[in-house]
Amino acid sequence: MHKLAVEMFLCLKCGSDLRIAATTSENARTNEITEGSLVCSGCRTTVPIVRDIPRFVPSESYASSFGFQWNRFDRIQIDKFMHNDLSRDRFYKTTSWPTRLEGQRILEAGCGAGRFTQLALETGAEVVSFDLSSAVDAAWRNNGGAQKLTAFQASIYEIPLRHGTFDKVFCMGVLQHCPDVAAAFRSLLPFLRPGGEIVIDVYEKSNGLPPLKYLARPFVKHLKTESLYNLLQWTIPPAFEVKKAIHRLPAVGPHLGSLIPIGPISHAPRLNYTDAELKQVKILSALDMLSPVHDHPQRMDDVQKWFEEAGLVEIELKRGYNGINAKGKRPN
Ligand SMILES: [Zn+2]
């Protein structure tokens with residue numbers, strides 16, 4: 001954590017300013033505290049700084065599957081490592097933000113391994129990112145050293161920042177995995193400055209048959225994330241090879257192959273995946289569907305209502321990469 005970043009935090013218990021209490025390890029060149037603690041100037045509550053990151057929660061709580069997932073698969077969705085533009089596409093199609101945002105402050109709620117953190121930083125904005133899980137460590141590793149990034153570990157329901165200080169807030173791939181989705185959305189709003197903009201996406205609840213994963217989730221929910229990962233690691237690569245062999249059969253191949261429910265075995269050439277990487281993508285995607293404790297898709301009408309009831313203006317809703325994309329502005 002950069003020493004100056006202490007200014008942005010407030011005590012979760014009493015709302016007073018935090019100060020740097022102790023640094024047991026720091027980088028004198030960059031002014032980063034790597035190990036130490038913050039202390040509340042009012043109630044004296046302390047916040048440990050561990051591996052560069054202030055930790056405002058004692059545990060990962062319901063998000064521990066994501067801690068496992070994003071430390072295990074810390075690079076597979078990061079454009080700069082995969083040499084593709086998958087995250088970039090989703091980020092700009094969802095936000096419609098300009099590519100240059102110098103002088104602005106962006107809050108990212110639920111950064112995971114930092115796939116969108118990288119893109120927010122590339123705009124030149126100052127970026128503040130948090131996650132409830134230890135995925136925040138992966139995000140820090142993947143974007144480490146960025147002078148304009150502050151990362152911390154905290155709950156979306158208790159964000160230890162000053163109100164009204166962000167030009168933009170975004171929360172992508174996160175809300176459906178919170179126990180109370182609408183409350184998680186509402187907890188982001190106080191951080192917008194007047195005229196500031198919030199962008200979210202959330203899974204959409206379908207009117208027809210629920211996706212296959214909702215049938216499978218009850219059978220695997222008792223498994224620890226690591227056991228589920230081992231199971232997928234053991235089954236998906238051979239299934240991939242079998243599907244690939246079946247696909248080569250003339251005429252019937254693709255039809256027969258579609259009975260193996262691991263998605264397509266080929267990919268858009270621009271994504272640059274090798275077969276080995278594609279197998280990892282499939283394991284990640286299955287883990288991501290099956291392991292989260294919470295998965296609560298939402299209806300378009302309800303999301304519209306959240307934005308209206310929050311008094312936001314210039315509200316836009318559309319269907320996008322992750323289900324529903326929604327944005328709105330705090331009035332000036
Ligand atoms: Zn306090």
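Hey, among the residues in segment 42-101 that are of a type in the set (A, V, I, L, M, F, W, C) and assigned to a strand (DSSP E or B), which one's nearest to the ligand (Cβ to nearest atom)? Please lay out each step first, then the result.
Taking segment 42-101 and keeping what is of a type in the set (A, V, I, L, M, F, W, C), we get 43, 47, 49-50, 53, 56-57, 63, 66, 68, 70, 73, 76, 78, 81-82, 86, 91, 97, 101.
Going one step further and asking which of them are assigned to a strand (DSSP E or B), we end up with 47, 49-50, 53.
Values: Val47: 10, Ile49: 17, Val50: 20, Ile53: 20 Å.
Going through the qualifying residues, I end up with Val47.
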Which condition does Gly103 not pass, out of (1) open to solvent by less than 10 Å² (accessible area, probe 1.4 Å); (2) free of Cβ contacts under 8 Å to residues at least 24 places away in the same chain, if it passes all the others?
-> (1)
Specify the residue that is nearest to Arg319 (Cα to Cα); the eligible residues are those in segment 143-186 that are assigned to a strand (DSSP E or B) and of a type in the set (S, T, N, Q).
-> Ser155
Complete set of residues in segment 301-332 that are of a type in the set (A, V, I, L, M) and either part of a strand (DSSP E or B) or touching a Ser or Thr at 6+ places or on another chain (Cβ under 8 Å) (or both) = Val313, Ile315, Leu317, Ile324, Ala326
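Where residues in segment 11-41 are part of a loop (DSSP other than H, G, I, E, B) and modelled with pLDDT under 95, which of them is nearest to the ligand (Cβ to nearest atom)? Quick ask: steps written out before the conclusion?
Here is the first cut: in segment 11-41, the residues part of a loop (DSSP other than H, G, I, E, B) are 11-16, 28-31, 41.
Add one more test, that the residue is modelled with pLDDT under 95, and what stays is 28-31.
Values: Ala28: 29, Arg29: 32, Thr30: 28, Asn31: 25 Å.
Among residues in segment 11-41 that are part of a loop (DSSP other than H, G, I, E, B) and modelled with pLDDT under 95, the one nearest to the ligand (Cβ to nearest atom) is Asn31.
Yes/no matrix, rows are residues, columns are (1) of a type in the set (Phe, Trp, Tyr); (2) touching a Leu at 6+ places or on another chain (Cβ under 9 Å); (3) farther than 18 Å from Leu188 by Cβ:
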| site | (1), (2), (3) |
| --- | --- |
| Ala63 | no, yes, no |
| Lys80 | no, no, yes |
| Arg88 | no, yes, yes |
| Ser96 | no, no, yes |
| Gly103 | no, no, yes |
| Phe116 | yes, no, no |
| Leu119 | no, no, yes |
| Ala125 | no, yes, no |
| Phe130 | yes, yes, no |
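Select, from Lys327, Lys318, the only residue that is open to solvent by 20 Å² or more (accessible area, probe 1.4 Å) and without any contact (Cβ under 8 Å) to a residue 12 or more places away in the chain. Break it down into steps so the answer makes sense when it comes.
Numbers: Lys327 fails: without any contact (Cβ under 8 Å) to a residue 12 or more places away in the chain.
One residue alone meets the criteria, Lys318.
The values are calculated or read from the model by the stated rules, or taken from the named source; none is laboratory data. Keep in mind it's a predicted model, so treat the numbers as computed, not measured. Methodologically, a virtual Cβ is constructed for each residue, glycine included, from the backbone with ideal geometry; neighbour enumeration extends over all protein chains shown. In case anyone asks, the SASA skips ligands and DNA or RNA and just uses the protein heavy atoms, side chains included. Shrake-Rupley method; radii C 1.70, N 1.55, O 1.52, S 1.80 Å.
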